[in-house]
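Some notes on the structure that comes next.
The values are calculated or read from the model by the stated rules, or taken from the named source; none is laboratory data. As the structure is a computational prediction, the values presented were derived from the model and not from experiment. FYI the Cβ positions are ideal-geometry reconstructions off the backbone, even for glycines, and counts take in every protein chain you see. Note: accessible area is taken over every heavy atom of the protein model, side chains too, but ligands, DNA and RNA are not part of it. Shrake-Rupley method; radii C 1.70, N 1.55, O 1.52, S 1.80 Å.
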Amino acid sequence: MERRTYTEDEHDVDFNDTSEFAAKRWKDATIAIKSTVSGADYEKASLPRDWQTLHTYIRDQSLDLKAAPITRRLLNHLLPFPRTMNTLLGIFTRSIIPYEADFRLLWGLLELNIKLSLVSTPKLNRTVSWMKRLRSVLELFNRCLDVCEDMNEARLSMADVLEYLLQLFAESSRHLRQCPTDAEAARAAKDLDIRVNENLSDMDATVKHLNDVTSYSKANTQRQVQNLANRHAPHVIPEEYATFPIRMIPRERNEDFYGRKEELDRVNNYLDYSSNNPPLRTYSIYGRRGVGKTNIALEYAYKNPANFDAIFWVQCETSLSLRQSFTDMAVNLNLPGADRNGHDEENQLAVLKWLKITKKKWLLIFDNAERESILRGYWPLGANGAILITSRKYYNFMNDASRKGDTVKPFNDRQGWDLLMKLLGPEWQDLDRRGLIQGTEESAAKELLMNLGGLALAIQQAAQLIKKPNIAGTTIAGCLETFKEIKRSLPPRQTADRSDIIHSLDSLWDMTFKHLSRNARDMLSVLSLFSPDRILIDLFLPKNQRALDGKLNFCKQHPNLVDEKAHALSSVITIPPLLRAAIDELVDFKLITEEGRELRAHRVVQEAMNYLSYRDLQEYFDSASSLVYEAFPKQVAGDYLSTQWSACQTYISHGAHMSLQFSTYRRASSKLKGSKWFIKLLANCAWYLYETGNYDICLRMVETGQLACGNNTETMQYAVFCNIAGLTYYELNKLGDCRRNLEVFYHLQEKHLGRDDLDRSISLHNMGLLEASSDNLIDSMDYFTKAIHIRLNAGDAASNLLANSYLCKSRVHFYRKEYDEAFSLLAKSEALYFRTAGDNAHFMAHVHYAYGNIELDQKRWASAKRSYEQCLKVSLLNSAVHPLTASAYYSLGCVEFEQGNVDNAKGQLEKAMAIATLRSPHRDDGYIARILWKLSKVLESDVVGAYHQQANDMRIRAEVARRVLTGNGEGGIVIALDENGDPDNQEDEDSYDALIPGYFR
């Protein structure tokens, strides 16, 4: 198994002038690369040369008549590369003046790659292939640099790209050295391709990011002007539904906060509502773990020197915590329709709208922002407000060219000493003022502080240890000696090797852990596997006390209570004495915090938890899995969890975090196994994520679940994961992946279940969905008929399932133009849904949508419009940004267009586009492509021709998206052309319909 080394991001970035940082980054990269190439190659590569030298060498080789024609042709492809790279290096060199950069090693490694590749045609062909791709990336990057007005951001991007370049050249030259023969090179080519693709992908992302920064600045300015006009228009006075001020800060103020006055002043100088600052202001607090980033943000929020009317704290560790924070914001703002239960996208949309139109002064604090991919779509583009970001990365998450920031540096020797004295208490401070601290204590303190790297969190923990008489005898020297001994004997982490500073920090934490009582240590070991925030004490008070068997046996309230239906109210109100004592001990050691019925653990503490062995880890992982499994709602017989979304939302972050933890440990070693409770927990969590449209996280959890199943790929539990994956791919319109998974699910159910088993109907029904979307209507009809037979015989317990099968079978009749049969089955489905859930249930929207499709197909415009409007009425009530809602607006747009109501059609399609864009902020998916195509048709119909250019742009964008999506297996209809070479209109429309799942066509 691969082991990596934990390192810390120790850069010192001046966000006002990044030239020194960029120059240092390049110098550090050249030093770091030295260990990856041989001494002889490093020496040769470091000789003086420039782009013209290399360009001349390639040209001479390509003109050599002794060389094979294919060699000369391949070298001609390389000829423009040195000039392209030199353009980038020139921009970088000018941008970092007065600092300098030495590129001899970069040019030398490039030359070495070419010379080593010239020994054979296959090697040269492989090298030229990835260098051509690299050149296209660099050319695009150079164009972005030409129009980028913010050189601070450009320097950061160039430093990244140049480091990727250096790594790529070194990796390729090492591969060529280690594989002298073509056979060896061919065998190792796959590994090289993976690393090349990773580097090129990273470069692509950097180029896109810089382009986004430039585009954002222009778009943000335009929207700020527009929103400013809207805010000051006399008829637009947004009504506020909440009472201000609002303080959504889920953490208590740190009473031990020390120093950082200059950092706080810089934050406020930029975020304050001053006429000299931009309307939307972003400030990044960047630094290594434990340096105090979150506490600086927390202190700023509580001091509130800018007098913000509303302060919102946003947890950014996962997309789930991010969504929950925006839901909490919507509820705190009392926005119309704000709901905690399963309506995250609607809440997100409502909050972003409020941020853009309100006249209140607001501050958003994005804490622990680490992944750009999950933060897209949460920035209030064009708003007037303040955003504060804490992160271990200096990345410009908001793509704001005007953003400011600060590198939070560790405390210097004097500051570290003062903080330690403050934390040790008044007696130590008095001794320090009077100069009465013994020399041995003073030198011990300085040595300990040096080991802790000036990190506030570590100094705080050291003070706690010094004050404990049973640990160090209340002396600093005693604490230091214990620290040294633990540092010498600290066992390795299971997942990765440590850098020197992390080794010291882990030793400090391990010193704390060793002096915990057994119960407190056991509880912290379990807490370290959960998501760090919002750990409800209720998790440790399960109805079924057997969930506490093993390491958490001390938490039991009623040891003999195993029937969850018979549990007493006292078991969730009264905390068992031993559990209470363990919590108090962890709080006293400042390892966790307790606020109300919520516990929080610092990420640094969780990361430092060192399980003594994999057996030890296994037992704690099993205990954690049992607790979350017991709390999380259970899916039964393929039915939906929609009535229990509130409970799912409470615990999903822990399920997702444990899934990530399991994958991390398994990458390091295969020793950790998935218990049956862990596997069942992942299945329930993945199903909930599928229901709520969190497809990316759902698929990652399915992957972890299948990994946890091990070699047991013939079990029903493995089949469940295949089913969830299949349905998720179905909704992503990836029918090939959908088929692979659903067929496995079908065959395993066929193997393990009886023909009339209710669960057996699930795979039959889902295969019917797949075949209908694949245009295999006869097979689809057969599957649905068999599923309906089983569900009919199951009685009332299967009412919802039966209604769903009627609904889906009616679609097959609709595809076959059998409208009477389709209507008949829809009526049965409607009656069942009405009886079990009422006329406003979510699935009733699907029924009305299906009615509308039948009417539309028969050109009954008025009836179709009524059905789509009824669909919208229900869908907006239940899930305003669901794909079905977008599809209903789209279909209403089609009806209006057919009736010649162009403006109405445009309005409905733009509503559909707003929802589709919110759901897919990263790319043009099938919904967006279909809407773009239809909008282009609507705009083209304008007889004046005012919108023809806009229509043309939309059509091109739609065609590009269709080509990409079809190439990725997310569509599949081949367009027939007429005698003039133009696409057939109906087949053109069908091809865009084929880009979205069958539910929503």
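Suppose the filter is more than 31 Å from the chain's Cα centre (by Cα) and of a type in the set (S, T, N, Q); does THR407 pass it? So THR407 fails the test. Taken together, LEU465, LEU505 contain a single residue that is part of a helix (DSSP H, G or I), open to solvent by less than 50 Å² (accessible area, probe 1.4 Å) and in contact with a Phe, Trp or Tyr (Cβ under 9 Å, 6 or more places away or on another chain), which is LEU465. Within the stretch 927-940, the presence of at least one residue that is under 24 Å from GLY377 (Cα atoms), crowded, with 20+ Cβ neighbours inside 10 Å and touching a Pro at 6+ places or on another chain (Cβ under 8 Å) is confirmed. Against the numbered list (1) modelled with pLDDT under 85; (2) touching a helix residue (DSSP H, G or I) at 6+ places or on another chain (Cβ under 7 Å), PRO469 comes up short only at (2).
Scanning the stretch 693-719 for residues that are open to solvent by 40 Å² or more (accessible area, probe 1.4 Å) and closer than 27 Å to ASP925 by Cβ yields ASP696, ARG700, GLU703, GLN706. Filtering the stretch 902-918 to residues that are surrounded by 24 or more Cβ atoms within 10 Å (Cβ to Cβ) and in contact (Cβ under 8 Å) with a residue 40 or more places away in the chain leaves nothing. In the list LEU79, LEU74, LEU106, which residue meets the criterion of being under 25 Å from ARG155 (Cβ atoms), touching a residue at least 24 places away in the same chain (Cβ under 8 Å) and within 44 Å of the chain's Cα centre (by Cα)? Selected residue: LEU106, the only one of LEU79, LEU74, LEU106 that is under 25 Å from ARG155 (Cβ atoms), touching a residue at least 24 places away in the same chain (Cβ under 8 Å) and within 44 Å of the chain's Cα centre (by Cα).
Looking at the structure I just gave you, is ALA297 touching a Leu at 6+ places or on another chain (Cβ under 9 Å), part of a loop (DSSP other than H, G, I, E, B) and surrounded by 16 or more Cβ atoms within 10 Å (Cβ to Cβ)? No; evaluated as a whole, the condition is false for this residue.
When HIS343 is tested against (1) surrounded by 22 or more Cβ atoms within 10 Å (Cβ to Cβ); (2) closer than 30 Å to VAL604 by Cα; (3) modelled with pLDDT under 75, only condition (2) is not met. As a summary of the residue check, ILE389 satisfies the conditions (1) touching a strand residue (DSSP E or B) at 6+ places or on another chain (Cβ under 6 Å); (2) more than 26 Å from ARG919 (Cα to Cα) except for the one numbered (2). Where residues in the stretch 728-741 are in a helix (DSSP H, G or I) and within 21 Å of the chain's Cα centre (by Cα), which of them is surrounded by the fewest Cβ atoms within 10 Å (Cβ to Cβ)? Out of the qualifying residues, it is GLU731. Where helices (runs of 4 or more DSSP H) fall wholly inside the stretch 356-454, the ranges with 2 or more residues that are open to solvent by 20 Å² or more (accessible area, probe 1.4 Å) and closer than 30 Å to LEU145 by Cβ are 372-375.
Per-residue answers, yes or no, for (1) assigned to a loop (DSSP other than H, G, I, E, B); (2) open to solvent by less than 10 Å² (accessible area, probe 1.4 Å); (3) over 12 Å from ALA369 (Cα atoms):
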residue: PRO278; (1), (2), (3): yes, no, yes
residue: THR282; (1), (2), (3): no, yes, yes
residue: VAL291; (1), (2), (3): yes, yes, yes
residue: ASN307; (1), (2), (3): yes, no, yes
residue: VAL314; (1), (2), (3): no, yes, no
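Would you confirm, using the coordinates I've provided, whether LYS27 is in contact (Cβ under 8 Å) with a residue 12 or more places away in the chain, open to solvent by 70 Å² or more (accessible area, probe 1.4 Å), basic (Lys, Arg) and more than 18 Å from PHE92 (Cβ to Cβ)? Spelling it out, it is not the case that LYS27 is in contact (Cβ under 8 Å) with a residue 12 or more places away in the chain, open to solvent by 70 Å² or more (accessible area, probe 1.4 Å), basic (Lys, Arg) and more than 18 Å from PHE92 (Cβ to Cβ). Note on the stretch 861-901: residues that are open to solvent by 50 Å² or more (accessible area, probe 1.4 Å) and aliphatic (A, V, I, L, M) total 3.
Among the conditions (1) in a helix (DSSP H, G or I); (2) of a type in the set (Asp, Glu); (3) within 27 Å of SER879 (Cα to Cα), the only one that ASP924 does not satisfy is (1). Only a single criterion out of (1) of a type in the set (Ser, Thr, Tyr); (2) in contact with an Asp or Glu (Cβ under 6 Å, 6 or more places away or on another chain); (3) open to solvent by less than 10 Å² (accessible area, probe 1.4 Å) is not satisfied by TYR690, namely (2). Being at pLDDT below 80, in a helix (DSSP H, G or I) and either among the β-branched types (Val, Ile, Thr) or not assigned by the TED database to the domain that holds LYS208 (or both), is that true of even one residue in the stretch 972-985? Checked the stretch 972-985: at least one residue is at pLDDT below 80, in a helix (DSSP H, G or I) and either among the β-branched types (Val, Ile, Thr) or not assigned by the TED database to the domain that holds LYS208 (or both). Scanning the stretch 135-170 for residues that are of a type in the set (Gly, Ala, Ser) and either surrounded by fewer than 23 Cβ atoms within 10 Å (Cβ to Cβ) or under 26 Å from the mean Cα position of the chain (by Cα) (or both) turns up SER136, ALA154, SER157, ALA159. Collect the residues in the stretch 815-863 that are in contact with a Phe, Trp or Tyr (Cβ under 7 Å, 6 or more places away or on another chain) and in a loop (DSSP other than H, G, I, E, B), keeping them in residue-number order. Correct list: ALA841, GLN858. Considering only the stretch 655-695, state which residues are closer than 23 Å to LEU727 by Cβ, at pLDDT below 90 and of a type in the set (Val, Ile, Thr). Matches in the stretch 655-695: THR692 only.
For the stretch 87-120, a residue qualifies if it is in a helix (DSSP H, G or I) and open to solvent by 50 Å² or more (accessible area, probe 1.4 Å), and the qualifying residues are THR87, THR93, ARG94, ARG104, LYS115.
Looking at SER173, SER129, just one residue is assigned to a helix (DSSP H, G or I), closer than 26 Å to PRO69 by Cα, free of Cβ contacts under 8 Å to residues at least 12 places away in the same chain and not hydrophobic (A, V, I, L, M, F, W, C), and that residue is SER129. None of ASN254, ASN269 is of a type in the set (S, T, N, Q) and not in a helix (DSSP H, G or I) except ASN254. Among the numbered conditions (1) under 30 Å from GLU442 (Cβ atoms); (2) at pLDDT below 80; (3) over 37 Å from the mean Cα position of the chain (by Cα), the only one that GLY478 does not meet is (2). Does PHE513 satisfy the criteria of being buried (at least 23 other Cβ atoms within 10 Å of the Cβ) and over 28 Å from the mean Cα position of the chain (by Cα)? For PHE513, the condition - buried (at least 23 other Cβ atoms within 10 Å of the Cβ) and over 28 Å from the mean Cα position of the chain (by Cα) - is not met. Candidates LEU792, LEU764, LEU801: the one that is surrounded by fewer than 24 Cβ atoms within 10 Å (Cβ to Cβ), more than 36 Å from the chain's Cα centre (by Cα) and part of a helix (DSSP H, G or I) is LEU792.
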